[in-house]
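We did not get these values from a lab; they are worked out from the coordinates using the rules stated. Because the structure is predicted, anything quoted here is derived from the model rather than measured. Glycine gets a Cβ as well: all are built from the backbone with ideal geometry, and neighbour counts include every protein chain shown.
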Amino acid sequence: MGEANASEEFSALVRARRSVRDFLPDQVPGDVLDAVLADSSWAPSWSNTQPYLVAVAEGPQRDRLAAELQRQFDAGMAAQSGGLLDKVRALVTRTGIPNGDFDTTLEYPDELQPFRRATGFGLYETLGIDRADRAARDTQLRRNFEFFGAPVAVFLFVHSGLKEFAVLDAGIWLQTFMLSAHVHGLATCAQGALATWPDPVRKEFDVPERYKLVCGVSVGYASDHPVNSYNPGRRDLPRADPRR
Ligand SMILES: Cc1cc2nc3c(=O)[nH]c(=O)nc-3n(C[C@H](O)[C@H](O)[C@H](O)COP(=O)(O)O)c2cc1C
C-alpha cells in the first residue's frame with residue numbers, strides 16, 4: 001500500500017469507528033476475536049510493561065454477567081427512587097450501590113459538562129426519547145449492563161502500581177482494540193458504566209487484587225437500529241495557545 005493510501009485509509013478509519021449501542025445476537029468467530037486481541041497487544045505502553053489485563057466474557061459467562069449487572073442496576077435504581085426501606089435494603093444487601101475500583105459516579109467539571117450533556121441529549125434525540133422522560137432514559141442506561149445485546153464483553157483492568165500511567169496505557173490499548181475490531185467488521189462500545197460493579201466480574205474471572213477494573217467494551221456485529229446512526233461529531237482539538 002502506498003503511503004498516500006495508508007494515510008487516507010487511516011483518516012477514514014478513525015472517522016468511521018462509532019460507538020455502537022445495539023448489537024445483533026450473532027456470535028463472533030473465535031479466530032476473528034483472536035486476531036483483534038493479537039493486534040491490540042501491539043499497543044505501546046510505559047516501558048513496554050503492558051500494565052493491564054483483559055477478561056473476555058462470552059457465552060454463559062457473558063449471560064451470567066449481564067444478568068448480575070442488570071440486577072445491580074435495578075437494585076440501585078430502586079434504592080435511588082424508592083423510600084428509606086429500599087435504601088436500607090441496598091445498604092444491608094450491598095446490592096446496587098456503585099462500588100467500582102474507580103469512581104464512575106463522579107461529577108463532571110463545569111467546563112466539560114456542556115459536552116457531556118450535548119452527547120447525551122444527541123443520543124436521546126436519535127432514539128426519540130424526550131429528555132424529560134426519566135423512565136425511558138433509565139431503560140436506555142440499563143442497556144449498558146446487558147452489553148447492548150453484544151455477544152462479547154471485554155473487561156479492562158489496570159495495574160494499580162503504575163497509577164495514572166497504567167490508565168493512560170489502557171486507553172491506548174482500548175483505541176487499538178476498537179480500531180482493529182472495526183477493520184475486522186466488528187462493532188464496539190467502550191463503556192465506563194461497566195466499571196460500576198467489579199465484584200460480579202471478579203467472581204467470573206481470576207483477577208489479582210492489584211488489578212483494578214477501569215472499563216468494559218462490548219463487541220459484536222452492529223444491528224441496523226437507529227441508535228447506531230448517532231455520530232456526536234467532534235469539537236476542534238483542544239489546544240493550548242502559545243504565550244505571547
Ligand atoms: C473510556 C470510555 C468510556 C465510555 N463509556 C460509555 C458508557 O458507559 N456508555 C456508553 O453508551 N458510551 C460510552 N462511551 C462512548 C462515548 O460516549 C463515545 O465514544 C463518544 O460519545 C464519541 O462517540 P463515538 O465513539 O461514536 O465516536 C465511552 C467511551 C469511552 C472512550
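Tally the DSSP beta bridges in the chain and give the antiparallel ones as a percent, rounded to 5. Mind showing how you got there, number by number?
Details: 20 of 21 bridges.
Restricted to the chain, the bridges split so that about 95 percent are antiparallel.
Apply the Karplus parameterisation 6.51 cos²θ - 1.76 cosθ + 1.60, with θ equal to phi minus 60°, to every residue of segment 14-22 and state each ³J(HN,Hα) to the nearest whole Hz, in sequence, with x for glycine and proline.
5, 7, 7, 5, 10, 6, 9, 10, 7
Residues with amide H under 5 Å of Val214's amide H, sequence separation 5 or more or different chain, H placed in the peptide plane at 1.01 Å from N; which?
Leu156, Phe157, Val158
Per-residue HN-Hα couplings for segment 40-50, Karplus 6.51 cos²θ - 1.76 cosθ + 1.60 at θ = phi - 60°, whole Hz, x for Gly and Pro?
Running phi through 6.51 cos²θ - 1.76 cosθ + 1.60 with θ = phi - 60° gives 5, 5, 8, 4, x, 8, 3, 6, 6, 7, 6 Hz.
Could you tell me the distance between the Cα centroids of segment 19-91 and segment 133-173, to the nearest Å?
Comparing the Cα centres of segment 19-91 and segment 133-173, I get a distance of 6 Å.
Going by amide H atoms built from the backbone, whose H comes under 5 Å of the H on Asp133, apart from near neighbours?
For Asp133, no residues qualify.
Once amide H atoms are built 1.01 Å from N in the peptide plane, which residues 5 or more positions from Ala187, or in another chain, come under 5 Å H to H?
Answer set, sorted by chain and number: Gly220, Tyr221, Ala222.
Give a quick list of GluC sites (Glu not before Pro) in segment 22-117 that DSSP marks as loop, anything other than H, G, I, E or B, with at most 10 other Cβ atoms within 10 Å.
On the way: sites: Glu58, Glu68, Glu107, Glu111; in loops: Glu58, Glu107, Glu111.
Taking segment 22-117 and a limit of 10 other Cβ atoms within 10 Å, the loop GluC sites (Glu not before Pro) found are Glu107, Glu111.
If only Cα atoms are counted, what is the Rg of segment 18-224, and what is its Dmax, in Å?
My reading of the Cα-based Rg and Dmax gives 17.4, 51 Å.
Whole-Hz ³J(HN,Hα) for each residue in segment 166-181, computed from phi via Karplus 6.51 cos²θ - 1.76 cosθ + 1.60 with θ = phi - 60°, x for glycine and proline: what do you get?
Each residue's phi maps through the Karplus curve to give 5, 5, 4, 4, 5, x, 5, 4, 4, 5, 4, 4, 5, 5, 4, 4 Hz.
What angle, in degrees between 0 and 90 and rounded to the nearest 10, separates the Cα long axis of helix 113-127 from the longest principal axis of the Cα atoms of the chain?
80 degrees
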